[in-house]
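Read the structure below first, then the notes.
The values are calculated or read from the model by the stated rules, or taken from the named source; none is laboratory data. Remember, it's a predicted structure, so these values are computed and weren't measured experimentally. Glycine gets a Cβ as well: all are built from the backbone with ideal geometry, and neighbour counts include every protein chain shown. Ligands, DNA and RNA are excluded from the accessible area calculation, which covers all protein heavy atoms including side chains. Shrake-Rupley method; radii C 1.70, N 1.55, O 1.52, S 1.80 Å.
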Amino acid sequence: MEDLKVVIGSDHAGYEYKEKIIDYLNARGIPYTDIGTHTKESCDYPEIARSVCERVLNGKANRGILVCGTGIGMSIAANKVRGIRAALCSDTYSARVSRAHNNANVLCLGERVIGEHLALDIVDIWLKTGFEGTRHKRRVDMIE
Ligand code: RB5
């Protein structure tokens, strides 16, 4: 696994999975920054998405994880940020290929959509999978 520096954030609807993912990161000694939210009080996911994306772009982290109710709002917001390649994943195949082919630097998850154990499997695979480069680099460069 590459040297991982994770930044993670959620809104109120993704708070519980964020905490579960933090347990996963702690158990494996993976460094992370938790930019919130820290309660289940309603908050606005675009602000959380922006904070996570800024830390990925300025190098404070090399992977971002965003959780909201569906993952959709987070992924829409994150993909507005130039340089961010956010992948909304609800299955492990997409999680793996979003890294291997798309070099996704942000993972989005929907707490109201997928089960907790699937979410953790997705995180595990997404963090462990490297970018394959070659023809996929050319395509990612075209996006950039
Ligand atoms: C919050 O109710 C919900 O809209 C949000 O978590 C997310 O699902 C938006 O895409």
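Taking every Cα-Cα distance in segment 71-144 and sorting them into 10 Å bins from zero, the calculated P(r) comes out as 21, 50, 26, 3 percent. Taking Leu88, Leu109, Leu118 as the candidate residues, the one with maximal mean-square fluctuation in a Gaussian network model of the chain, Cα springs under 10 Å, is Leu118.
For segment 8-84, the per residue solvent-accessible surface stands at 49 Å², with DNA, RNA and ligands left out and a 1.4 Å probe.
Taking the 1.4 Å solvent-accessible surface of the chain as the whole, the part contributed by carbon and sulfur is 48%. Note the angle between two axes, namely the Cα long axis of helix 45-57 and the longest principal axis of the Cα atoms of the chain, as a number of degrees from 0 to 90, rounded to the nearest 10. For 45-57 against the chain, the angle is about 40 degrees.
The ellipsoid equivalent to the alpha-carbon distribution of segment 8-48 has semi-axes of 20, 10, 6 angstrom, derived from the gyration tensor eigenvalues as √(5λ) and listed largest first.
The trypsin sites (Lys or Arg not before Pro) of segment 81-144 that DSSP puts in a loop, and whose beta carbon has at most 10 other beta carbons within 10 Å, are Arg82.
Could you tell me the convex hull volume per residue, in Å³, taken over the Cα atoms of the chain?
On the way: hull volume 13.1 nm³, N = 144.
Convex hull volume per residue, Cα atoms: 91 Å³.
May I ask which of Lys5/Lys60; Lys20/Lys80; Lys5/Lys40; Lys20/Lys60 have a Cα-Cα span longer than 18 Å here? Long pairs (Cα-Cα over 18 Å): Lys20/Lys80; Lys5/Lys40; Lys20/Lys60. Summary value for segment 74-144: 34 percent relative contact order, contacts being C-alpha pairs under 8 angstrom separated by 6+ residues.
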